[in-house]
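Here's the structure, in C-alpha coordinates; my notes come after.
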(Lines give C-alpha, C1' and ligand atoms only; values in the text may rest on other atoms or scores of the structure.)
Protein backbone atom coordinates (compact mmCIF):
# COMPACT_ATOMS: atom_id res chain seq x y z
CA UNK A 1 0.00 0.00 0.00
CA UNK A 2 1.50 3.23 -1.08
CA UNK A 3 0.14 6.70 -0.60
CA UNK A 4 0.71 9.39 -3.20
CA UNK A 5 2.50 12.64 -2.64
CA UNK A 6 0.54 15.58 -1.33
CA UNK A 7 1.39 19.21 -2.10
CA UNK A 8 0.61 20.17 1.48
CA UNK A 9 3.21 17.75 2.76
CA UNK A 10 5.91 19.30 0.57
CA UNK A 11 5.24 22.80 1.86
CA UNK A 12 5.23 21.83 5.55
CA UNK A 13 8.50 22.16 7.53
CA UNK A 14 10.22 18.87 8.39
CA UNK A 15 8.86 17.38 11.62
CA UNK A 16 10.97 17.42 14.77
CA UNK A 17 11.64 13.81 15.68
CA UNK A 18 12.10 12.33 19.12
CA UNK A 19 15.74 11.59 18.27
CA UNK A 20 16.35 15.26 17.46
CA UNK A 21 14.84 16.31 20.78
CA UNK A 22 17.05 13.83 22.64
CA UNK A 23 20.14 15.08 20.79
CA UNK A 24 19.38 18.67 21.83
CA UNK A 25 18.97 17.67 25.48
CA UNK A 26 22.12 15.55 25.46
CA UNK A 27 24.09 18.38 23.92
CA UNK A 28 22.83 20.80 26.56
CA UNK A 29 23.80 18.45 29.38
CA UNK A 30 27.24 17.88 27.85
CA UNK A 31 27.93 21.61 27.52
CA UNK A 32 26.76 22.27 31.08
CA UNK A 33 28.98 19.45 32.36
CA UNK A 34 32.06 20.78 30.60
CA UNK A 35 31.41 24.31 31.88
CA UNK A 36 30.98 23.07 35.45
CA UNK A 37 33.74 20.46 35.64
CA UNK A 38 36.55 21.94 33.56
CA UNK A 39 37.58 24.77 35.94
CA UNK A 40 37.18 22.62 39.06
CA UNK A 41 39.04 19.60 37.70
CA UNK A 42 41.91 21.70 36.37
CA UNK A 43 42.38 23.31 39.76
CA UNK A 44 42.11 19.95 41.57
CA UNK A 45 44.82 18.48 39.35
CA UNK A 46 47.04 21.47 40.04
CA UNK A 47 46.71 21.11 43.82
CA UNK A 48 47.23 17.35 43.71
CA UNK A 49 50.39 17.56 41.60
CA UNK A 50 51.77 20.33 43.83
CA UNK A 51 51.74 17.88 46.78
CA UNK A 52 51.74 20.69 49.37
CA UNK A 53 49.52 18.83 51.80
CA UNK A 54 45.79 19.00 52.33
CA UNK A 55 44.39 22.35 53.39
CA UNK A 56 40.92 23.78 53.92
CA UNK A 57 41.08 25.06 50.38
CA UNK A 58 41.60 21.49 49.19
CA UNK A 59 38.49 20.41 51.10
CA UNK A 60 36.44 23.12 49.42
CA UNK A 61 37.77 22.09 46.03
CA UNK A 62 36.99 18.41 46.68
CA UNK A 63 33.48 19.33 47.79
CA UNK A 64 32.95 21.36 44.62
CA UNK A 65 34.17 18.42 42.53
CA UNK A 66 31.71 16.08 44.26
CA UNK A 67 28.89 18.55 43.69
CA UNK A 68 29.74 18.75 40.00
CA UNK A 69 29.72 14.96 39.70
CA UNK A 70 26.38 14.86 41.52
CA UNK A 71 24.98 17.46 39.13
CA UNK A 72 26.21 15.39 36.20
CA UNK A 73 24.50 12.27 37.51
CA UNK A 74 21.30 14.19 38.20
CA UNK A 75 21.36 15.73 34.73
CA UNK A 76 21.89 12.37 33.07
CA UNK A 77 19.03 10.81 35.01
CA UNK A 78 16.80 13.73 34.11
CA UNK A 79 17.80 13.38 30.48
CA UNK A 80 16.90 9.69 30.54
CA UNK A 81 13.49 10.44 32.09
CA UNK A 82 12.79 13.21 29.61
CA UNK A 83 13.84 10.99 26.72
CA UNK A 84 11.38 8.34 27.85
CA UNK A 85 8.62 10.93 28.22
CA UNK A 86 9.32 12.40 24.79
CA UNK A 87 9.23 8.92 23.27
CA UNK A 88 5.85 8.16 24.83
CA UNK A 89 4.39 11.48 23.71
CA UNK A 90 5.77 11.12 20.20
CA UNK A 91 4.32 7.62 19.86
CA UNK A 92 0.95 8.89 21.08
CA UNK A 93 1.00 11.77 18.60
CA UNK A 94 1.91 9.47 15.73
CA UNK A 95 -0.86 7.06 16.68
CA UNK A 96 -3.38 9.90 16.87
CA UNK A 97 -2.33 11.13 13.43
CA UNK A 98 -2.61 7.62 12.03
CA UNK A 99 -6.08 7.09 13.49
CA UNK A 100 -7.17 10.44 12.08
CA UNK A 101 -6.20 9.52 8.51
CA UNK A 102 -6.18 5.70 8.34
CA UNK A 103 -8.74 2.94 8.53
CA UNK A 104 -7.58 0.76 11.46
CA UNK A 105 -8.84 -2.49 9.89
CA UNK A 106 -7.18 -2.29 6.47
CA UNK A 107 -4.53 0.39 6.95
CA UNK A 108 -5.98 2.26 3.96
CA UNK A 109 -6.65 5.98 4.01
CA UNK A 110 -10.07 7.15 5.12
CA UNK A 111 -12.36 9.30 2.98
CA UNK A 112 -11.07 12.64 4.29
CA UNK A 113 -7.42 11.69 3.76
CA UNK A 114 -8.19 10.34 0.28
CA UNK A 115 -9.77 13.63 -0.79
CA UNK A 116 -6.77 15.56 0.54
CA UNK A 117 -4.05 13.37 -1.01
CA UNK A 118 -5.90 12.78 -4.28
CA UNK A 119 -6.26 16.55 -4.64
CA UNK A 120 -2.48 16.83 -4.50
CA UNK A 121 -2.11 13.99 -6.99
CA UNK A 122 -4.58 15.69 -9.33
CA UNK A 123 -2.52 18.90 -9.30
CA UNK A 124 0.70 16.97 -9.93
CA UNK A 125 -0.88 14.96 -12.76
CA UNK A 126 -1.99 18.14 -14.52
CA UNK A 127 1.54 19.57 -14.29
CA UNK A 128 3.02 16.40 -15.80
CA UNK A 129 0.42 16.16 -18.57
CA UNK A 130 -1.12 13.08 -16.98
CA UNK A 131 -4.72 12.16 -16.14
CA UNK A 132 -5.90 11.02 -12.73
CA UNK A 133 -8.11 7.93 -12.66
CA UNK A 134 -10.40 7.54 -9.66
CA UNK A 135 -11.81 4.06 -9.07
CA UNK A 136 -14.59 3.15 -6.65
CA UNK A 137 -15.01 -0.51 -5.65
CA UNK A 138 -18.14 -1.86 -3.96
CA UNK A 139 -18.27 -5.50 -2.89
CA UNK A 140 -21.31 -7.43 -4.11
CA UNK A 141 -23.25 -9.48 -1.53
CA UNK A 142 -20.83 -8.70 1.28
CA UNK A 143 -23.76 -8.57 3.72
CA UNK A 144 -24.33 -12.27 3.09
CA UNK A 145 -20.84 -13.03 4.42
CA UNK A 146 -21.59 -11.14 7.64
CA UNK A 147 -24.98 -12.81 8.01
CA UNK A 148 -23.72 -16.35 7.38
CA UNK A 149 -20.24 -16.32 8.93
CA UNK A 150 -20.34 -13.40 11.37
CA UNK A 151 -18.69 -10.01 11.51
CA UNK A 152 -15.30 -11.40 12.56
CA UNK A 153 -15.01 -13.28 9.27
CA UNK A 154 -16.38 -10.21 7.53
CA UNK A 155 -13.56 -8.11 8.95
CA UNK A 156 -11.02 -10.72 7.89
CA UNK A 157 -12.50 -10.64 4.40
CA UNK A 158 -12.22 -6.84 4.23
CA UNK A 159 -8.55 -7.05 5.22
CA UNK A 160 -7.93 -9.74 2.58
CA UNK A 161 -9.76 -7.67 -0.04
CA UNK A 162 -7.55 -4.69 0.83
CA UNK A 163 -4.45 -6.81 0.22
CA UNK A 164 -5.85 -8.02 -3.10
CA UNK A 165 -6.63 -4.45 -4.17
CA UNK A 166 -3.11 -3.30 -3.30
CA UNK A 167 -1.56 -6.09 -5.37
CA UNK A 168 -3.66 -5.21 -8.41
CA UNK A 169 -2.78 -1.50 -8.42
CA UNK A 170 0.27 0.43 -9.62
CA UNK A 171 2.85 1.05 -6.86
CA UNK A 172 2.10 4.79 -6.80
CA UNK A 173 -1.66 4.41 -6.34
CA UNK A 174 -3.52 5.92 -3.39
CA UNK A 175 -5.84 3.46 -1.66
CA UNK A 176 -8.72 4.18 0.70
CA UNK A 177 -11.60 2.52 2.46
CA UNK A 178 -14.60 4.81 2.19
CA UNK A 179 -16.66 2.85 4.70
CA UNK A 180 -18.39 -0.50 5.01
CA UNK A 181 -17.52 -2.61 1.96
CA UNK A 182 -16.65 0.31 -0.30
CA UNK A 183 -13.08 1.10 -1.37
CA UNK A 184 -11.46 3.64 -3.66
CA UNK A 185 -8.12 4.19 -5.34
CA UNK A 186 -6.53 6.89 -7.46
CA UNK A 187 -3.53 6.87 -9.77
CA UNK A 188 -2.19 8.87 -12.70
CA UNK A 189 -1.91 7.48 -16.22
CA UNK A 190 -0.79 8.62 -19.65
CA UNK A 191 -3.74 9.89 -21.73
CA UNK A 192 -2.30 8.00 -24.70
CA UNK A 193 -2.65 4.70 -22.80
CA UNK A 194 -6.12 4.56 -21.20
CA UNK A 195 -6.04 0.77 -21.54
CA UNK A 196 -3.77 0.76 -18.47
CA UNK A 197 -6.80 1.66 -16.36
CA UNK A 198 -8.88 -1.05 -18.05
CA UNK A 199 -6.17 -3.56 -17.18
CA UNK A 200 -6.21 -2.54 -13.53
CA UNK A 201 -10.01 -2.78 -13.40
CA UNK A 202 -9.99 -6.20 -15.06
CA UNK A 203 -7.45 -7.50 -12.55
CA UNK A 204 -9.60 -6.20 -9.70
CA UNK A 205 -12.77 -7.82 -11.05
CA UNK A 206 -11.00 -11.13 -11.67
CA UNK A 207 -9.24 -11.32 -8.31
CA UNK A 208 -12.17 -10.19 -6.18
CA UNK A 209 -14.50 -12.72 -7.82
CA UNK A 210 -12.26 -15.58 -6.67
CA UNK A 211 -12.94 -17.24 -3.29
CA UNK A 212 -11.10 -16.05 -0.18
CA UNK A 213 -9.85 -18.64 2.33
CA UNK A 214 -10.27 -17.22 5.84
CA UNK A 215 -9.38 -19.54 8.75
CA UNK A 216 -11.14 -22.52 7.23
CA UNK A 217 -14.02 -20.46 5.83
CA UNK A 218 -14.36 -19.94 2.10
CA UNK A 219 -16.01 -16.60 1.37
CA UNK A 220 -17.29 -15.50 -2.02
CA UNK A 221 -17.89 -11.94 -3.17
CA UNK A 222 -17.52 -9.97 -6.37
CA UNK A 223 -17.04 -6.30 -7.14
CA UNK A 224 -18.92 -3.58 -8.98
CA UNK A 225 -16.42 -0.93 -10.05
CA UNK A 226 -16.94 2.61 -11.28
CA UNK A 227 -14.20 4.65 -12.98
CA UNK A 228 -13.92 8.36 -13.75
CA UNK A 229 -11.08 10.37 -15.24
CA UNK A 230 -10.01 13.88 -14.32
CA UNK A 231 -10.17 15.29 -17.86
CA UNK A 232 -13.96 14.80 -18.09
CA UNK A 233 -14.79 18.32 -16.87
CA UNK A 234 -14.62 17.30 -13.20
CA UNK A 235 -13.34 20.35 -11.37
CA UNK A 236 -12.34 18.63 -8.13
CA UNK A 237 -11.99 15.30 -6.37
CA UNK A 238 -15.54 15.58 -4.98
CA UNK A 239 -16.87 15.72 -8.52
CA UNK A 240 -14.78 12.71 -9.52
CA UNK A 241 -16.04 10.71 -6.56
CA UNK A 242 -19.65 11.51 -7.43
CA UNK A 243 -19.06 10.34 -10.99
CA UNK A 244 -17.39 7.11 -9.93
CA UNK A 245 -20.42 6.37 -7.73
CA UNK A 246 -22.73 6.91 -10.69
CA UNK A 247 -20.61 4.57 -12.81
CA UNK A 248 -20.45 2.00 -10.00
CA UNK A 249 -24.25 1.96 -9.70
CA UNK A 250 -24.45 1.51 -13.46
CA UNK A 251 -22.16 -1.53 -13.15
CA UNK A 252 -24.52 -2.98 -10.53
CA UNK A 253 -27.52 -2.47 -12.82
CA UNK A 254 -25.68 -4.26 -15.62
CA UNK A 255 -25.40 -7.39 -13.47
CA UNK A 256 -22.55 -6.71 -11.01
CA UNK A 257 -19.06 -8.30 -11.12
CA UNK A 258 -17.86 -5.81 -13.73
CA UNK A 259 -16.43 -2.33 -14.18
CA UNK A 260 -17.97 0.65 -15.90
CA UNK A 261 -16.54 3.98 -17.04
CA UNK A 262 -18.50 7.12 -16.24
CA UNK A 263 -20.42 8.62 -19.15
CA UNK A 264 -22.19 11.98 -19.17
CA UNK A 265 -25.44 10.29 -20.25
CA UNK A 266 -25.49 8.44 -16.92
CA UNK A 267 -25.53 11.73 -15.04
CA UNK A 268 -28.27 13.18 -17.26
CA UNK A 269 -30.41 10.09 -16.76
CA UNK A 270 -29.92 10.24 -12.99
CA UNK A 271 -30.83 13.93 -12.86
CA UNK A 272 -33.96 13.37 -14.98
CA UNK A 273 -35.10 10.50 -12.78
CA UNK A 274 -34.52 12.53 -9.62
CA UNK A 275 -36.48 15.44 -11.09
CA UNK A 276 -39.46 13.19 -11.86
CA UNK A 277 -39.32 11.55 -8.44
CA UNK A 278 -39.20 14.89 -6.65
CA UNK A 279 -42.11 16.17 -8.74
CA UNK A 280 -44.22 13.10 -7.97
CA UNK A 281 -43.55 13.40 -4.24
CA UNK A 282 -44.76 16.98 -4.35
CA UNK A 283 -47.60 16.42 -6.85
CA UNK A 284 -49.38 13.44 -5.28
CA UNK A 285 -50.45 15.32 -2.12
CA UNK A 286 -51.76 18.14 -4.35
CA UNK A 287 -53.86 15.69 -6.44
CA UNK A 288 -51.89 16.49 -9.58
CA UNK A 289 -51.87 12.81 -10.60
CA UNK A 290 -55.23 11.84 -12.16
CA UNK A 291 -55.94 8.13 -12.90
CA UNK A 292 -57.93 7.05 -15.97
CA UNK A 293 -59.33 3.50 -16.20
CA UNK A 294 -59.92 1.64 -19.45
CA UNK A 295 -61.83 -1.62 -19.51
CA UNK A 296 -60.21 -4.84 -20.76
CA UNK A 297 -62.90 -6.98 -22.42
CA UNK A 298 -62.70 -10.40 -24.07
CA UNK A 299 -63.93 -9.71 -27.61
CA UNK A 300 -65.21 -13.26 -28.13
CA UNK A 301 -67.36 -13.43 -25.00
CA UNK A 302 -67.74 -9.79 -24.06
CA UNK A 303 -66.57 -10.60 -20.53
CA UNK A 304 -64.85 -7.87 -18.51
CA UNK A 305 -61.44 -9.11 -17.41
CA UNK A 306 -60.04 -6.00 -15.72
CA UNK A 307 -58.93 -2.45 -16.20
CA UNK A 308 -55.90 -0.74 -17.63
CA UNK A 309 -54.90 2.31 -15.62
CA UNK A 310 -53.34 5.41 -17.11
CA UNK A 311 -52.09 8.15 -14.80
CA UNK A 312 -51.85 11.69 -16.11
CA UNK A 313 -49.83 14.37 -14.43
CA UNK A 314 -51.77 17.62 -14.65
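The values are calculated or read from the model by the stated rules, or taken from the named source; none is laboratory data. Worth saying up front: this structure is predicted, and the values here are computed from it rather than measured. Positions of Cβ are generated from backbone atoms using ideal geometry, with glycine treated the same way; all protein chains shown enter the neighbour counts.
What the table below lists for this structure:
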| read-out | value |
| --- | --- |
| For residue 215: the one exception among (1) in contact (Cβ under 8 Å) with a residue 40 or more places away in the chain; (2) loosely packed, with under 10 Cβ neighbours inside 10 Å; (3) in contact with a strand residue (DSSP E or B) (Cβ under 7 Å, 6 or more places away or on another chain) | (3) |
| The range 247-269, residues that are closer than 18 Å to residue 199 by Cα and in a helix (DSSP H, G or I) | 247, 248, 251 |
| Residue check for residue 106: assigned to a loop (DSSP other than H, G, I, E, B), crowded, with 18+ Cβ neighbours inside 10 Å, in contact (Cβ under 8 Å) with a residue 60 or more places away in the chain and in contact with a helix residue (DSSP H, G or I) (Cβ under 9 Å, 6 or more places away or on another chain) | yes |
| Scope the range 110-128; condition surrounded by fewer than 18 Cβ atoms within 10 Å (Cβ to Cβ) and under 10 Å from residue 188 (Cβ atoms); matching residues | 124, 126, 128 |
| Matching residues, the range 221-246, being on the phi > 0 side of the Ramachandran plot and either assigned to a helix (DSSP H, G or I) or crowded, with 19+ Cβ neighbours inside 10 Å (or both) | none |
| Complete set of residues in the range 221-245 that are under 21 Å from the mean Cα position of the chain (by Cα) and more than 18 Å from residue 116 (Cα to Cα) | 223, 224, 225, 226, 227, 245 |
| Test: residue in the range 300-312 that is touching a residue at least 12 places away in the same chain (Cβ under 8 Å), closer than 30 Å to residue 156 by Cα and in contact with a strand residue (DSSP E or B) (Cβ under 9 Å, 6 or more places away or on another chain) | no |
| Test set (1) buried (at least 19 other Cβ atoms within 10 Å of the Cβ); (2) modelled with pLDDT of 95 or more - residue 199 fails condition number | (1) |
| Test for residue 172: is it more than 17 Å from residue 106 (Cα to Cα) and surrounded by fewer than 20 Cβ atoms within 10 Å (Cβ to Cβ) | yes |
| Helices (runs of 4 or more DSSP H) wholly inside the range 128-220 containing at least 3 residues that are within 17 Å of the chain's Cα centre (by Cα) | 151-168 |
| Flag if residue 258 is under 23 Å from residue 164 (Cα atoms), assigned by TED's automatic domain parsing to the domain that holds residue 116 and at pLDDT 90 or above | yes |
